[in-house]
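What follows is a single structure, written as C-alpha coordinates, with notes after it.
The values are calculated or read from the model by the stated rules, or taken from the named source; none is laboratory data. Just so we're clear, the structure is a prediction, and the values are computed from it rather than from any experiment. In this analysis, Cβ positions are derived from the backbone assuming ideal geometry, glycine residues included, and neighbour counts consider all displayed protein chains.
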Amino acid sequence: MPTERERPPSSPARDHVCRGYRRRGEFVSRAQEFLAEGLAAGERVLYVAPGDEAVLTGQLRADERCDEGLERGAVQVASVDATYTTGAVVDPAGQVELYAAATSEALAAGFTGLRVAADATSLVRTPAQVDAFARYEHLVDHYMAAHPMSAMCGYDVAELGGDVVAQLACMHPTAHDGGAPFHLHGHARDGSAAALGGELDLDSRELWPQALERAGLRAEGGEVVLDAAGLDFADHRSLVALAGYAERHATTVVLRTRLATPARLVELLDLTGVRVERAA
(Lines give C-alpha, C1' and ligand atoms only; values in the text may rest on other atoms or scores of the structure.)
Protein backbone atom coordinates (compact mmCIF):
# COMPACT_ATOMS: atom_id res chain seq x y z
CA MET A 1 0.00 0.00 0.00
CA PRO A 2 1.25 3.54 -0.68
CA THR A 3 2.45 5.51 2.30
CA GLU A 4 0.77 8.75 3.35
CA ARG A 5 3.58 10.63 1.59
CA GLU A 6 3.08 8.67 -1.65
CA ARG A 7 -0.70 8.87 -1.64
CA PRO A 8 -2.03 11.45 -4.17
CA PRO A 9 -3.92 14.41 -2.73
CA SER A 10 -7.68 14.03 -2.63
CA SER A 11 -9.61 16.26 -4.96
CA PRO A 12 -12.08 18.74 -3.45
CA ALA A 13 -15.76 18.21 -4.11
CA ARG A 14 -16.70 19.02 -7.69
CA ASP A 15 -18.25 22.44 -7.94
CA HIS A 16 -19.69 24.79 -10.53
CA VAL A 17 -20.08 28.28 -9.20
CA CYS A 18 -21.23 31.53 -10.80
CA ARG A 19 -19.41 34.62 -9.57
CA GLY A 20 -20.88 38.02 -10.41
CA TYR A 21 -18.45 40.91 -9.97
CA ARG A 22 -18.37 44.68 -10.40
CA ARG A 23 -14.62 45.29 -10.39
CA ARG A 24 -12.15 43.24 -12.39
CA GLY A 25 -9.89 42.85 -9.38
CA GLU A 26 -12.68 41.06 -7.51
CA PHE A 27 -12.76 38.28 -10.08
CA VAL A 28 -8.97 37.96 -10.29
CA SER A 29 -8.74 37.56 -6.52
CA ARG A 30 -11.51 34.95 -6.44
CA ALA A 31 -9.93 33.11 -9.38
CA GLN A 32 -6.58 32.92 -7.57
CA GLU A 33 -8.25 31.35 -4.53
CA PHE A 34 -10.33 28.94 -6.60
CA LEU A 35 -7.38 27.76 -8.68
CA ALA A 36 -5.04 27.49 -5.68
CA GLU A 37 -7.55 25.12 -4.06
CA GLY A 38 -7.32 22.91 -7.13
CA LEU A 39 -3.53 23.01 -7.18
CA ALA A 40 -3.45 21.88 -3.56
CA ALA A 41 -5.58 18.89 -4.54
CA GLY A 42 -3.35 17.87 -7.44
CA GLU A 43 -5.58 19.22 -10.20
CA ARG A 44 -4.51 20.90 -13.41
CA VAL A 45 -5.96 24.41 -13.45
CA LEU A 46 -6.89 26.71 -16.31
CA TYR A 47 -7.40 30.46 -16.19
CA VAL A 48 -9.50 31.90 -19.03
CA ALA A 49 -10.14 35.64 -19.38
CA PRO A 50 -10.02 38.51 -21.89
CA GLY A 51 -6.67 40.14 -22.54
CA ASP A 52 -3.10 39.32 -23.45
CA GLU A 53 -1.90 35.96 -22.13
CA ALA A 54 1.23 37.54 -20.67
CA VAL A 55 -0.93 39.93 -18.65
CA LEU A 56 -3.19 37.10 -17.51
CA THR A 57 -0.17 35.06 -16.47
CA GLY A 58 1.07 38.04 -14.47
CA GLN A 59 -2.26 38.19 -12.63
CA LEU A 60 -1.74 34.63 -11.42
CA ARG A 61 1.94 35.13 -10.56
CA ALA A 62 0.81 37.69 -7.97
CA ASP A 63 -0.32 34.69 -5.92
CA GLU A 64 2.65 32.58 -4.87
CA ARG A 65 0.62 29.38 -4.96
CA CYS A 66 -0.36 29.95 -8.60
CA ASP A 67 3.15 31.16 -9.40
CA GLU A 68 4.57 27.86 -8.18
CA GLY A 69 1.96 26.01 -10.24
CA LEU A 70 2.99 27.92 -13.34
CA GLU A 71 6.60 26.96 -12.81
CA ARG A 72 5.81 23.24 -12.66
CA GLY A 73 3.32 23.27 -15.51
CA ALA A 74 0.16 22.67 -13.51
CA VAL A 75 -1.34 26.02 -14.53
CA GLN A 76 -2.56 26.89 -18.01
CA VAL A 77 -3.66 30.31 -19.23
CA ALA A 78 -5.90 31.10 -22.23
CA SER A 79 -7.14 34.40 -23.62
CA VAL A 80 -10.80 34.57 -24.63
CA ASP A 81 -9.83 37.16 -27.23
CA ALA A 82 -7.46 34.73 -28.94
CA THR A 83 -9.97 31.87 -28.92
CA TYR A 84 -13.24 33.54 -29.98
CA THR A 85 -14.06 36.21 -32.52
CA THR A 86 -16.09 39.23 -31.39
CA GLY A 87 -19.78 38.33 -31.18
CA ALA A 88 -19.14 34.58 -31.46
CA VAL A 89 -22.02 32.37 -30.28
CA VAL A 90 -20.73 29.24 -28.57
CA ASP A 91 -21.88 25.77 -29.56
CA PRO A 92 -23.08 24.37 -26.21
CA ALA A 93 -22.35 20.71 -26.96
CA GLY A 94 -19.07 21.52 -28.68
CA GLN A 95 -17.93 23.60 -25.71
CA VAL A 96 -18.62 20.71 -23.35
CA GLU A 97 -16.63 18.39 -25.60
CA LEU A 98 -13.65 20.74 -25.42
CA TYR A 99 -13.65 20.68 -21.63
CA ALA A 100 -14.24 16.93 -21.57
CA ALA A 101 -11.13 16.48 -23.71
CA ALA A 102 -9.15 18.84 -21.48
CA THR A 103 -10.26 16.88 -18.41
CA SER A 104 -9.17 13.60 -20.00
CA GLU A 105 -5.81 15.13 -20.91
CA ALA A 106 -5.32 16.32 -17.33
CA LEU A 107 -6.04 12.84 -15.96
CA ALA A 108 -3.71 11.24 -18.50
CA ALA A 109 -0.97 13.63 -17.39
CA GLY A 110 -1.32 12.44 -13.80
CA PHE A 111 -3.49 15.21 -12.37
CA THR A 112 -6.55 14.44 -10.24
CA GLY A 113 -8.86 16.50 -12.44
CA LEU A 114 -9.37 19.87 -14.10
CA ARG A 115 -10.34 23.16 -12.47
CA VAL A 116 -11.27 26.21 -14.55
CA ALA A 117 -11.73 29.86 -13.64
CA ALA A 118 -13.21 31.70 -16.61
CA ASP A 119 -14.39 35.26 -17.11
CA ALA A 120 -17.05 34.74 -19.78
CA THR A 121 -18.36 38.33 -19.89
CA SER A 122 -17.26 38.92 -23.49
CA LEU A 123 -19.14 35.81 -24.64
CA VAL A 124 -22.58 36.93 -23.42
CA ARG A 125 -23.04 40.46 -24.75
CA THR A 126 -25.90 39.73 -27.16
CA PRO A 127 -29.21 37.90 -26.62
CA ALA A 128 -28.13 35.07 -28.92
CA GLN A 129 -24.89 34.68 -26.97
CA VAL A 130 -26.71 34.63 -23.65
CA ASP A 131 -29.18 32.01 -24.88
CA ALA A 132 -26.44 29.69 -26.13
CA PHE A 133 -24.20 30.18 -23.11
CA ALA A 134 -27.02 29.52 -20.65
CA ARG A 135 -27.67 26.24 -22.47
CA TYR A 136 -23.98 25.45 -22.26
CA GLU A 137 -23.83 26.23 -18.52
CA HIS A 138 -26.57 23.70 -17.83
CA LEU A 139 -25.08 21.09 -20.14
CA VAL A 140 -21.57 21.35 -18.71
CA ASP A 141 -22.98 21.10 -15.20
CA HIS A 142 -24.26 17.63 -16.08
CA TYR A 143 -20.74 16.75 -17.23
CA MET A 144 -19.15 18.09 -14.06
CA ALA A 145 -21.58 16.15 -11.89
CA ALA A 146 -20.07 12.91 -13.18
CA HIS A 147 -16.46 13.84 -13.97
CA PRO A 148 -13.51 15.39 -12.09
CA MET A 149 -13.98 18.91 -13.39
CA SER A 150 -14.90 22.07 -11.48
CA ALA A 151 -15.41 25.60 -12.71
CA MET A 152 -15.95 29.16 -11.55
CA CYS A 153 -17.68 31.33 -14.14
CA GLY A 154 -17.28 35.08 -13.80
CA TYR A 155 -19.62 37.72 -15.20
CA ASP A 156 -19.30 41.49 -14.97
CA VAL A 157 -22.61 42.65 -13.47
CA ALA A 158 -21.73 46.32 -14.08
CA GLU A 159 -21.36 45.69 -17.81
CA LEU A 160 -24.01 43.04 -18.46
CA GLY A 161 -26.68 44.05 -15.96
CA GLY A 162 -28.24 42.00 -13.21
CA ASP A 163 -30.98 40.48 -15.40
CA VAL A 164 -28.49 38.96 -17.83
CA VAL A 165 -26.25 37.59 -15.09
CA ALA A 166 -29.28 36.06 -13.35
CA GLN A 167 -30.11 34.13 -16.54
CA LEU A 168 -26.67 32.51 -16.32
CA ALA A 169 -26.45 32.23 -12.55
CA CYS A 170 -29.66 30.19 -12.32
CA MET A 171 -27.99 27.41 -14.37
CA HIS A 172 -25.35 26.86 -11.65
CA PRO A 173 -25.67 24.90 -8.39
CA THR A 174 -24.10 27.86 -6.57
CA ALA A 175 -24.01 31.58 -7.35
CA HIS A 176 -22.56 34.62 -5.63
CA ASP A 177 -23.78 38.11 -6.52
CA GLY A 178 -25.73 36.65 -9.41
CA GLY A 179 -29.26 37.58 -8.35
CA ALA A 180 -30.82 34.21 -9.20
CA PRO A 181 -33.71 33.20 -6.89
CA PHE A 182 -33.50 29.54 -7.98
CA HIS A 183 -30.96 27.11 -9.43
CA LEU A 184 -31.76 24.57 -12.16
CA HIS A 185 -28.66 22.46 -12.65
CA GLY A 186 -27.25 19.03 -13.43
CA HIS A 187 -25.97 17.90 -10.03
CA ALA A 188 -29.03 15.72 -9.50
CA ARG A 189 -29.64 12.50 -7.58
CA ASP A 190 -31.32 9.25 -8.56
CA GLY A 191 -30.99 9.76 -12.31
CA SER A 192 -33.20 12.85 -12.32
CA ALA A 193 -33.14 15.07 -15.40
CA ALA A 194 -31.98 18.03 -13.29
CA ALA A 195 -31.84 19.39 -9.77
CA LEU A 196 -33.82 22.39 -8.58
CA GLY A 197 -33.17 24.55 -5.53
CA GLY A 198 -33.95 27.97 -4.14
CA GLU A 199 -37.26 29.80 -4.50
CA LEU A 200 -39.74 29.96 -7.36
CA ASP A 201 -41.53 33.19 -6.53
CA LEU A 202 -42.70 36.39 -8.19
CA ASP A 203 -39.11 37.30 -9.06
CA SER A 204 -38.86 34.05 -11.04
CA ARG A 205 -41.90 34.58 -13.26
CA GLU A 206 -39.88 35.31 -16.42
CA LEU A 207 -36.61 33.60 -15.57
CA TRP A 208 -38.12 30.22 -14.67
CA PRO A 209 -39.89 29.35 -17.97
CA GLN A 210 -36.83 30.55 -19.87
CA ALA A 211 -34.50 28.36 -17.82
CA LEU A 212 -36.71 25.32 -18.33
CA GLU A 213 -36.55 25.66 -22.11
CA ARG A 214 -32.81 26.28 -22.14
CA ALA A 215 -32.07 23.28 -19.96
CA GLY A 216 -33.25 20.79 -22.58
CA LEU A 217 -34.46 18.40 -19.89
CA ARG A 218 -34.21 14.71 -20.75
CA ALA A 219 -37.40 12.67 -20.61
CA GLU A 220 -37.26 9.03 -19.51
CA GLY A 221 -40.30 6.86 -20.09
CA GLY A 222 -42.41 9.89 -20.97
CA GLU A 223 -41.49 11.74 -17.75
CA VAL A 224 -39.10 14.50 -16.80
CA VAL A 225 -38.05 14.06 -13.17
CA LEU A 226 -36.78 17.06 -11.21
CA ASP A 227 -34.82 16.52 -8.01
CA ALA A 228 -36.32 19.43 -6.07
CA ALA A 229 -35.17 18.40 -2.60
CA GLY A 230 -33.43 21.76 -2.35
CA LEU A 231 -36.53 23.76 -3.28
CA ASP A 232 -37.57 26.13 -0.49
CA PHE A 233 -40.67 27.70 -2.04
CA ALA A 234 -42.84 27.38 -5.16
CA ASP A 235 -45.80 29.64 -5.97
CA HIS A 236 -48.72 28.84 -8.24
CA ARG A 237 -47.22 30.73 -11.20
CA SER A 238 -44.15 28.52 -11.23
CA LEU A 239 -46.28 25.37 -11.20
CA VAL A 240 -48.46 26.68 -14.03
CA ALA A 241 -45.27 27.37 -15.99
CA LEU A 242 -44.14 23.81 -15.28
CA ALA A 243 -47.45 22.49 -16.58
CA GLY A 244 -47.05 24.64 -19.69
CA TYR A 245 -43.63 23.12 -20.28
CA ALA A 246 -45.07 19.62 -19.90
CA GLU A 247 -47.81 20.36 -22.43
CA ARG A 248 -45.44 21.88 -25.00
CA HIS A 249 -43.13 18.90 -24.79
CA ALA A 250 -45.83 16.21 -24.51
CA THR A 251 -44.46 14.89 -21.26
CA THR A 252 -45.21 14.69 -17.54
CA VAL A 253 -43.01 16.60 -15.13
CA VAL A 254 -42.41 14.85 -11.82
CA LEU A 255 -41.44 17.26 -9.05
CA ARG A 256 -39.75 15.51 -6.14
CA THR A 257 -39.82 17.92 -3.23
CA ARG A 258 -39.99 18.05 0.56
CA LEU A 259 -42.56 20.85 0.36
CA ALA A 260 -46.23 20.04 0.97
CA THR A 261 -47.75 23.09 -0.78
CA PRO A 262 -46.92 22.18 -4.42
CA ALA A 263 -49.01 19.00 -4.28
CA ARG A 264 -52.02 20.92 -2.98
CA LEU A 265 -51.63 23.64 -5.63
CA VAL A 266 -51.29 21.11 -8.44
CA GLU A 267 -54.54 19.47 -7.31
CA LEU A 268 -56.41 22.78 -6.85
CA LEU A 269 -55.31 24.10 -10.25
CA ASP A 270 -55.84 20.74 -11.97
CA LEU A 271 -52.35 20.78 -13.50
CA THR A 272 -52.53 17.40 -15.18
CA GLY A 273 -49.03 17.59 -16.65
CA VAL A 274 -47.35 17.84 -13.25
CA ARG A 275 -47.04 15.17 -10.58
CA VAL A 276 -45.58 15.93 -7.16
CA GLU A 277 -43.74 13.24 -5.21
CA ARG A 278 -42.18 13.35 -1.79
CA ALA A 279 -38.39 13.69 -1.94
CA ALA A 280 -36.38 11.23 0.10
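Being within 21 Å of Asp156 (Cβ to Cβ), assigned by TED's automatic domain parsing to the domain that holds Val140 and modelled with pLDDT under 95 is a description that applies to Arg24.
Look at (1) under 24 Å from the mean Cα position of the chain (by Cα); (2) over 18 Å from Arg135 (Cα atoms) and you find that Gly222 fails only one, number (1). Once region 264-277 is narrowed to residues that are modelled with pLDDT of 95 or more and surrounded by fewer than 17 Cβ atoms within 10 Å (Cβ to Cβ), the residue that is nearest to Leu212 (Cα to Cα) is Arg275. Summed over region 79-131, the residues that are in a loop (DSSP other than H, G, I, E, B) and either among the hydrophobic types (A, V, I, L, M, F, W, C) or in contact with a helix residue (DSSP H, G or I) (Cβ under 9 Å, 6 or more places away or on another chain) (or both) give a count of 14. Under the condition of being farther than 20 Å from Leu60 by Cα and of a type in the set (Val, Ile, Thr), the residues counted in region 95-121 number 3. Among all positions in region 202-210, there is no residue which is closer than 30 Å to Gly113 by Cβ, among the basic types (Lys, Arg) and outside any helix (DSSP H, G or I). Answer with yes or no whether Val96 is over 22 Å from Gly51 (Cβ atoms) and touching a residue at least 12 places away in the same chain (Cβ under 8 Å). For Val96, the condition - over 22 Å from Gly51 (Cβ atoms) and touching a residue at least 12 places away in the same chain (Cβ under 8 Å) - is met.
Residue pairs whose Cβ atoms lie under 7 Å apart, sitting 6 or more positions apart in sequence or on different chains, and linking a residue in region 134-147 that is farther than 12 Å from Ala100 by Cα to a partner that is outside any helix (DSSP H, G or I) and among the β-branched types (Val, Ile, Thr), are Tyr136/Val90. For region 148-161, the set of residues classified as in contact (Cβ under 8 Å) with a residue 60 or more places away in the chain, farther than 27 Å from Gly113 by Cβ and not in a strand (DSSP E or B) consists of Val157, Ala158, listed by residue number.
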